[in-house]
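One structure below.
The values are calculated or read from the model by the stated rules, or taken from the named source; none is laboratory data. Keep in mind the model is a prediction, meaning the values are calculated, not measured. We place every Cβ from the backbone using ideal geometry, glycine too, and count neighbours over all the protein chains shown. Just so you know, the surface numbers come from the protein's heavy atoms only, side chains and all, with ligands and any DNA or RNA stripped out. Shrake-Rupley method; radii C 1.70, N 1.55, O 1.52, S 1.80 Å.
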Amino acid sequence: MDIYEEIIKMKKANEPCMTVTVVEKIGDGPVELGKKMLVGGSGKLIGTVGGGALEHLAIETCKDLIKIRKSQMEKYLLKEGEIVDKATTLPMTCGGIVTLFYEYIGHGAHIYLFGGGHVSQALCNVLKTMNFYVTVIDDRKEVVDQFIGGDKVYHHDFVDFIETQGITKGAYVVVCTPSHKYDYEVMHKIIEKQLELKYVGMLCSKNKLKDYLIKTHEKFGQNLDLTNHYAPIGIDTGGGSPAEIAISISAEILAVYYDKTGNKHMRDAYFDLEK
């Protein structure tokens with residue numbers, strides 16, 4: 001089975017994967033330089049890096065790296081009881097040293113846009129210039145039919161989509177439906193289901209935010225953890241056109257994605273309202 005053909009299939013199916021390549025070998029070992037293994041997010045394995053303890057650890061490392069979407073290089077000493085600088089010692093007897101390169105292949109993050117209006121279209125145009133997988137949900141068929149560029153575009157009830165299709169763990173969610181009623185319902189469903197998301201942003205004014213917070217605290221209590229909630233959504237860049245708002249939201253998503261601090265988030269208004 002051809003590894004590269006499988007990589008293409010996995011990318012088309014939006015399945016993240018890792019390739020593991022032997023990039024250096026010194027001394028004896030069970031695998032030759034250049035050998036490659038593919039580990040799919042579903043657990044599918046193709047190829048080999050020698051079997052035994054080395055391959056077992058490589059597979060487990062791939063599973064961990066897929067979760068955090070990272071590539072890295074690792075060195076292994078194939079001699080139990082001995083130590084080599086910057087190398088992990090494995091319970092083997094070969095005695096050689098093998099260096100593996102783990103390459104993550106897949107989208108940087110999954111972003112869901114609830115609402116396919118002008119802001120969502122502008123936002124999708126920006127996000128798809130980067131390595132993001134964008135899913136769009138809207139209950140208006142005419143909007144869905146005209147939407148351009150989403151990896152998947154669903155004509156679907158907003159809340160029912162969460163119930164029936166689900167949202168990927170660690171995903172980013174942007175809520176900008178055509179009605180504050182639907183916005184609240186989506187946000188509340190996310191809270192109700194305790195979804196583990198990296199980012200949840202809602203397009204709103206300060207007045208809408210205040211109303212949302214009152215209703216949300218009434219429904220779920222005062223001790224909610226809203227650390228990953230961003231409302232009003234976006235970095236405080238100024239400008240109110242769909243294109244300008246899209247840049248603001250994209251900048252905020254990138255700041256969260258890369259764990260950057262010190263940015264002036266529009267959600268600073270939340271803290272003002274809570275005082």
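Just the Kirkwood number for the chain, please: inverse of mean 1/r across all distinct Cα pairs, in Å, one decimal. Before the final figure, lay out the partial values.
Values: mean 1/r = 0.0474 Å⁻¹.
In the chain this quantity evaluates to 21.1 Å.
Rolled with a 1.4 Å probe across the full set of protein chains, the surface gives Ser205 an accessible area near 60 Å². Note on the chain: helix-only mean residue ellipticity at 222 nm, from DSSP H runs of 4+ residues weighted -39500 (n - 2.57) and normalised by residue number, equals -11000 deg cm²/dmol.
Taking Cα pairs under 8 Å and at least six residues apart, what relative contact order does the chain come out at, in percent? Contact order relative to length: 13 percent. For Phe132, the amide hydrogen comes within under 5 Å of the amide hydrogens of Gly108, counting only partners 5 or more places away or on other chains and with H modelled in the peptide plane. Pairs with C-alpha atoms separated by more than 22 Å, drawn from the list Lys193/Lys264; Lys63/Lys128; Lys70/Lys198, are Lys193/Lys264; Lys63/Lys128. Couplings 3J(HN,Hα) for segment 144-154, derived from phi with the Karplus relation 6.51 cos²θ - 1.76 cosθ + 1.60 (θ = phi - 60°), are 4, 5, 9, 6, 10, x, x, 5, 9, 10, 10 Hz, where x marks Gly and Pro. Between the Cα long axis of helix 52-68 and the first principal axis of the chain there is an angle of about 20°, rounded to the nearest 10.
Helix 3-12 and the longest principal axis of the Cα set of the chain meet at an angle near 10°. Sorting Met266, Met37 by solvent-accessible area of protein heavy atoms yields Met266, Met37, largest first, with a 1.4 Å probe. Based on C-alpha pairs under 8 angstrom that are at least 6 apart in sequence, segment 37-144 has a relative contact order of 18 percent.
Kindly identify segment 1-156 as rounded, prolate or oblate by the Cα gyration tensor criterion: order the square roots of the eigenvalues as a ≥ b ≥ c, call it rounded if a/c is under 1.5, otherwise compare a/b with b/c, prolate if a/b is larger, else oblate. Note, shape of segment 1-156 comes out prolate.
The three principal axes of the Cα atoms in segment 193-269 give end-to-end lengths of 34, 27, 21 Å, sorted in falling order.
For segment 114-213, rounded, prolate or oblate, judged on the Cα gyration tensor with a ≥ b ≥ c (square roots of eigenvalues), a/c < 1.5 rounded, else prolate if a/b > b/c? Since a/c stays below 1.5, the shape of segment 114-213 is classed as rounded.
Over 27 Å between Cα atoms, which of Lys35/Lys79; Lys12/Lys189; Lys12/Lys260 qualify? Present the calculation step by step, with values, prior to reporting the outcome.
Details: Lys35/Lys79 20 Å; Lys12/Lys189 29 Å; Lys12/Lys260 31 Å.
In this structure, Lys12/Lys189; Lys12/Lys260 exceed 27 Å between Cα atoms.
Starting from the Cα gyration tensor of segment 147-203, take the square roots of the eigenvalues, sort them a ≥ b ≥ c, and report rounded, prolate or oblate (rounded when a/c is under 1.5, otherwise prolate if a/b is larger than b/c, else oblate). Because its axes are fairly even, with a/c under 1.5, segment 147-203 counts as rounded.
Under the definition of Cα pairs under 8 Å and six or more residues apart, what whole-number percent is the relative contact order of segment 89-242? Value for segment 89-242: 20 percent.
Please give me, ordered by residue number, the trypsin sites (Lys or Arg not before Pro) of segment 114-191 that lie in loop per DSSP and have at most 15 other Cβ atoms within 10 Å. All intermediate terms of the calculation are to be shown ahead of the outcome.
On the way: sites: Lys128, Arg140, Lys141, Lys152, Lys169, Lys181, Lys189; in loops: Lys128, Arg140, Lys169.
Listed in order of number, the matching sites are Arg140, Lys169.
What net charge is computed for the residues neighbouring Ile249, neighbours being all others with C-beta under 13 Å from the C-beta of Ile249, Lys and Arg scored +1, Asp and Glu -1? Display every interim value, and only then the final one.
Values: positive: Arg267; negative: Asp236, Glu244, Glu252.
Cβ neighbours under 13 Å give a net charge of -2.
By how many degrees, 0 to 90 and rounded to 10, does the Cα axis of helix 118-127 deviate from the longest principal axis of the chain? Roughly 20 degrees between the two axes.
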